[in-house]
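Notes to accompany the following structure.
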Amino acid sequence: MKKYIIGMVLISCLALQGKAQLYYNNQSARFFRNNYLANPAYAGSRNQPFLYALVNRSWIGFDGAPTLIQFAGDLPFGAHSGAGLQVASDKSGMLQRTYAKLSYAYKIKLGGNSEWIKLGFSLTGYRQRLDAAAVSSGGAIDPAAKAFNDQNWHIDGDFGAVYQTEGFQFSATTFNLRKWFPDFSNQPVDLETLALMTSYTFQTSDNIELKPLLAARFFTKSNWVAAVGGQLSYDHLFHASAIWQNTGSVVGTLGLMVKQLGELNFTYATNNKQGYGQQYEVGLGVALPGKKLNEVKQKQ
């Protein structure tokens with residue numbers, strides 16, 4: 001009976017692994033507060049090194065609800081380059097997923113200082129494990145669970161591009177590049193494959209900035225997800241944003257900023273049309289001292 005239960009657990013983990021992935025890459029900060037989380041081309045796009053940490057809880061009210069802890073850092077270097085690193089741990093029920101992502105981005109000027117395109121690539125290593133305590137009997141781990149946990153690290157990658165002119169931005173990211181090839185297209189997991197996002201920044205006064213946004217996300221098996229929203233910022237001291245998704249969920253974020261030094265963000269997302277998916281997220285960003293390389297490049 002124990003082996004039957006463990007076998008069902010393994011099958012369930014493989015089936016639900018994709019659903020967990022929908023929330024694994026569902027950080028609210030990716031829309032406005034840290035675009036690098038959604039696109040490697042944004043690595044090093046700020047004027048100085050920037051660190052961001054977040055905790056995200058999804059499917060509130062369900063046992064074993066997904067919990068994501070993520071750290072990211074990126075910085076500009078050289079005349080046109082940027083680099084970034086992301087480390088994350090995500091636990092959904094008895095399935096634990098850990099990953100590390102290393103990114104490089106290169107900026108190409110087009111018509112002038114305000115028009116450019118940036119290309120970025122991330123190399124990702126990830127590993128998945130089952131909670132040994134949940135799949136063991138009398139101190140012995142079931143062979144099927146042990147084989148699952150003994151899997152080596154998997155390698156994958158993401159590619160992104162960003163186009164910007166004046167206040168307009170358009171970005172596209174292809175995730176999990178291995179899933180785009182025929183040998184991997186029939187995998188049972190449901191992974192994010194493509195994300196599109198466009199926005200325009202309006203400076204309505206010296207202190208007030210408005211930023212409407214449109215976004216779409218595509219997956220190997222699930223229906224695509226569209227998002228419409230906007231953000232209001234005041235004098236680098238306060239920001240508020242709201243995003244509606246066609247899943248029926250509404251995401252709201254409030255944040256406090258200390259000019260260009262850092263920020264603290266709080267996010268709440270309502271349930272979707274099916275009555276689940278409620279989320280909380282807390283994020284902390286810190287800008288490190290350093291040369292403002294982007295300003296130097298603009299003067300060249």
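What follows draws every value from the coordinates through simple rules; no lab data is involved. Because the structure is predicted, anything quoted here is derived from the model rather than measured. Cβ sites come from the backbone with ideal geometry, for glycine too, and all protein chains shown count toward neighbours.
Annotations for the structure displayed:
- Stretchable slack from T204 to W224, in nm (0.36 nm times residue separation minus alpha-carbon distance): 3.9 nm
- Summing +1 for each Lys or Arg and -1 for each Asp or Glu among the other residues whose beta-carbon sits under 11 angstrom from that of L237 gives -1.
- Listed cross-link partners K109/K179; K118/K259; K118/K273 are compared with a 29 Å cut-off, the Cα-Cα value being larger for K109/K179; K118/K273.
- Total formal charge among the other residues, if their Cβ is under 10 angstrom from that of S122, Lys/Arg +1 and Asp/Glu -1: -1
- Simple label model, 7 Å out from Cα along Cβ direction - W244 to K273, nm: 1.4 nm
- Theoretical gain in end-to-end length, N149 to S114 [0.36 nm per residue, Cα-Cα removed]: 7.7 nm
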